[in-house]
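Notes to accompany the following structure.
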């Protein structure tokens, strides 16, 4: 017997820091995937205690940032994210 299940996706509205969203959108475009698929992959990797980005992907994200420096800086940059 298979452990398959139906994946149901819903539309949601979330608030996110503007620069971070721009980098995520650019990265999704670069990978030719939707923003939703990118976010879903990031979360699933986090739940598996794995990094969602390779070293090359993190380097590339710096060039996608409006200021040239990646806004992805961890907890210290986003004190409201206590997990």
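Among the residues making up region 5-30, a single one is in a helix (DSSP H, G or I) and surrounded by fewer than 13 Cβ atoms within 10 Å (Cβ to Cβ): 18. For region 26-34, the criterion of a residue being more than 20 Å from residue 61 (Cα to Cα) and modelled with pLDDT of 90 or more is satisfied by no position.
Every residue, every condition in (1) surrounded by 13 or more Cβ atoms within 10 Å (Cβ to Cβ); (2) modelled with pLDDT of 90 or more, yes or no:
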site	(1), (2)
41	yes, yes
50	no, yes
56	no, no
68	no, no
82	no, no
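The values are calculated or read from the model by the stated rules, or taken from the named source; none is laboratory data. Bear in mind the structure is a predicted one, so any value in this text is a computation, not a measurement. Note: ideal-geometry Cβ built from the backbone for every residue, glycine included; neighbour counts use all protein chains shown.
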